[in-house]
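The values are calculated or read from the model by the stated rules, or taken from the named source; none is laboratory data. Computed from a prediction, not measured in an experiment: that's the story for all the values here. Glycine gets a Cβ as well: all are built from the backbone with ideal geometry, and neighbour counts include every protein chain shown. Please note that ligands, DNA and RNA were not included when accessible areas were found on the heavy atoms of the full protein model with its side chains. Shrake-Rupley method; radii C 1.70, N 1.55, O 1.52, S 1.80 Å.
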Amino acid sequence: MTRGDRVRFAAAGLTDRARKSLAWAAARTSRRLSIVLGRPRLTWAVKISAPDDWTGDVWGDVFYADDLAASLRRLGQTVYVDRFESRRRPVQRVPDDVVVHLVGLRPPVLVPGAVNILWVISHPELLGDAELGLDWAARFAASVDWAERMSVPGREVQPLLQATDPGRFHPEPGEQDIAALFVGKTRAVFRPIIRDALEVGADLTIYGDGWEEFIDTSYVAAEFLDNAEVPAAYRRARVVLNDHWDDMARDGFVSNRLFDAVATGARVISDDVRGLPTEFGGSVQIYRSTEELAALLDPASPRWPSPAALLLNAAATARAHSFDDRARALLATALSARRGRPRSSATPPRTPA
């Protein structure tokens, strides 16, 4: 028996537990070496509220988590996206170093031994002092206003706004053959911006389900628009419509749709929400009356920027609000926490003055 044969035989005789221990030790050594060399390679989990079945496939936080994971992987990280039912993976060879909890409809649960980072991107009304008071390495919120109000000594909440993927959401030349576009479900309510748009006679095109209860279905182009087709739809629209849940508008949680649509160079009409990023420029116009809405549905309205300015706003949004930028901030926070420095050390993105 050769030396190589003896090594292979010995390895084959290891127990499953011993093999896992060796794998974990090798992974830890690799991670430590990557950090020493300035190329940190950590194992991340992005925890989301979406169900782990076909009904969760169209949840917005699935697409959001996938984009964030892709950006972290471009930084050399190993990343898993865990939906709610699979938040504890049945087979896990290496423990998670960092867990990002994208808070939506379900409360977060700390993962022992990991750097736990809270990022509240929606439904802030579901979080209270008990959840915010957990042992987070950092607490982020997609609202400047809410982050300021919820911060107390020893429990800082930093603003980290939502983001876009400029690799998909970017301007391209083409025909704008949709007058007014809305992409979204009814959420079991007659959404105000659709009600108002119909009242002023808007030429609507809607992608989303549940609308038969509220409107003539001739306005509905399809009940589902694949996420890969959304950028092209925004580019085709002369105007994109957007709205928020009441509590998210009140607390300044700016919709992800605004970042995506502006990044394509679109004009966006939205309900009122606090804390619009300055990079949006005039690409997002707030309406407060049906008269304002009627005027803004005309792309020639003097309130809209020029086509050149729309492109400049798109570029500024891509620079300031990309998932790559957010991934760098989260990685800096994780590394700081692992080194034992003050845990909330990431430099947040530029926010409104």
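If you stretched the chain out fully between THR278 and ARG168, how much longer would it get, using 0.36 nm times the residue separation minus the C-alpha to C-alpha distance?
Length difference between fully extended and current span is 37.4 nm.
Could you sort the peptides 116-126, 169-179 by per-residue average Cβ neighbour count (10 Å cutoff), highest mean leading?
Per-residue mean Cβ counts within 10 Å order the peptides as 116-126, 169-179.
Percent of accessible area on region 118-258 owned by carbon and sulfur, 1.4 Å probe?
On region 118-258, the fraction of accessible area on carbon and sulfur atoms equals 48 percent.
Just reorder VAL109, VAL115 by solvent-accessible area, largest first, 1.4 Å probe, all chains present.
Listed by decreasing accessible area, they come as VAL109, VAL115.
Taking every alpha carbon pair in region 106-223, what does the distance histogram look like in 5 angstrom bins from 0, in percent?
All Cα pairs, binned at 5 Å, distribute as 2, 9, 15, 13, 10, 12, 13, 11, 8, 5, 1, 0 percent.
Using only the Cα atoms of region 268-336, what do you get for the radius of gyration and for Dmax, in Å?
Considering region 268-336 through its Cα atoms, Rg and Dmax are 15.8, 51 Å.
Taking amide H positions as placed 1.01 Å from N in the peptide plane, with prolines and chain starts having none, which residues 5 or more places from SER322, or on another chain, fall under 5 Å of its amide H?
Amide H neighbours of SER322: THR164.
Taking all protein chains together and a probe of 1.4 Å, list LYS47, LYS185 from the most accessible to the least accessible.
In descending accessible area the options line up as LYS185, LYS47.
So what's the projected area for region 218-309, the Cα convex hull averaged over all directions, in nm²?
Taking the Cα atoms of region 218-309, their convex hull projects to 6.7 nm² on average.
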